[in-house]
Structure formats: structure tokens, C-alpha cells
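What follows is a single structure, written as C-alpha cells, with notes after it.
The values are calculated or read from the model by the stated rules, or taken from the named source; none is laboratory data. Only a predicted model underlies this, so the values are computations on that prediction, with no experimental measurement involved. FYI the Cβ positions are ideal-geometry reconstructions off the backbone, even for glycines, and counts take in every protein chain you see.
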Amino acid sequence: MGLWSKEQLREFIKENNLVTAQDAQNALKDLFAETIQEMLEAEMNTHLGYGKHEVKAKLTPNSRNGKSRKTVMSEYGEQEIAIPSGPPRRV
């Protein structure tokens with residue numbers, strides 16, 4: 001069994017109007033970038049101890065400090081993602 005059930009995979013194909021192998025490749029490229037983006041957001045949430053827009057849960061002076069654009073190389077080609085920035089590091 002894969003990551004998705006057959007029903008989920010069929011829904012993904014339908015939602016993204018995948019007809020050709022190139023359509024599938026493009027969708028996987030986008031999915032890869034979105035997955036990396038979400039992983040980075042989750043890492044920042046863990047690092048800061050609260051989720052984005054959870055002001056009530058913020059118990060630290062640390063906060064998000066915008067995002068920077070980076071290009072990631074993968075087997076799907078180049079992908080531009082937004083890297084979340086945390087508080088400035090003190091040296």
C-alpha cells in the first residue's frame with residue numbers, strides 16, 4: 001500500500017485534471033514544493049513553540065520574521081520555496 005488510498009489518488013488525479021504523464025510530473029513537482037514548504041513551517045512552529053497566527057499560545061519573545069525565497073534543486077527540477085525566518089541569531 002502506498003501513501004494514499006486508491007480513492008485519494010483518484011481524487012488527486014481528478015482535482016488536478018491529470019491526463020498525460022507530463023501532467024502527472026508537473027503535479028508531483030508542485031506537490032514536492034508544497035510538502036517541503038509545510039515541513040519548514042512545521043519546523044518553525046516547533047522551534048518557536050507555537051503555530052503561525054496563534055498569538056494566544058505565544059509564550060516567548062521569539063517570533064517569525066518573514067520569509068526568504070530560495071530555489072531548491074530536486075529530481076523534479078528547480079522549485080522556488082519561501083523559507084520562514086525566525087528571530088535573528090545572537091552570536
Determine whether region 66-75 contains at least one residue that is at pLDDT below 90, surrounded by 14 or more Cβ atoms within 10 Å (Cβ to Cβ) and either in contact with a strand residue (DSSP E or B) (Cβ under 9 Å, 6 or more places away or on another chain) or not in a helix (DSSP H, G or I) (or both). yes
Counting only residues that are hydrophobic (A, V, I, L, M, F, W, C), out of contact with any strand residue (DSSP E or B) (no Cβ under 7 Å at 6 or more places or on another chain) and under 23 Å from Ala82 (Cβ atoms), region 1-47 contains a total of 5
Scanning region 1-26 for residues that are in a loop (DSSP other than H, G, I, E, B) and not β-branched (Val, Ile, Thr), the one nearest to Arg69 (Cα to Cα) turns out to be Asn16
Contact list, first residue from region 38-53 and surrounded by 12 or more Cβ atoms within 10 Å (Cβ to Cβ), second anywhere and assigned to a helix (DSSP H, G or I) and not hydroxyl-bearing (Ser, Thr, Tyr), beta-carbon distance below 6 Å, six or more apart or interchain, is Tyr50/Ala57; Gly51/Asn45
Subset of region 27-52, residues part of a helix (DSSP H, G or I) and in contact with a Leu (Cβ under 9 Å, 6 or more places away or on another chain), comes to Ala27
Filtering region 76-89 down to residues that are loosely packed, with under 11 Cβ neighbours inside 10 Å, over 12 Å from the mean Cα position of the chain (by Cα) and at pLDDT 85 or above yields Glu78
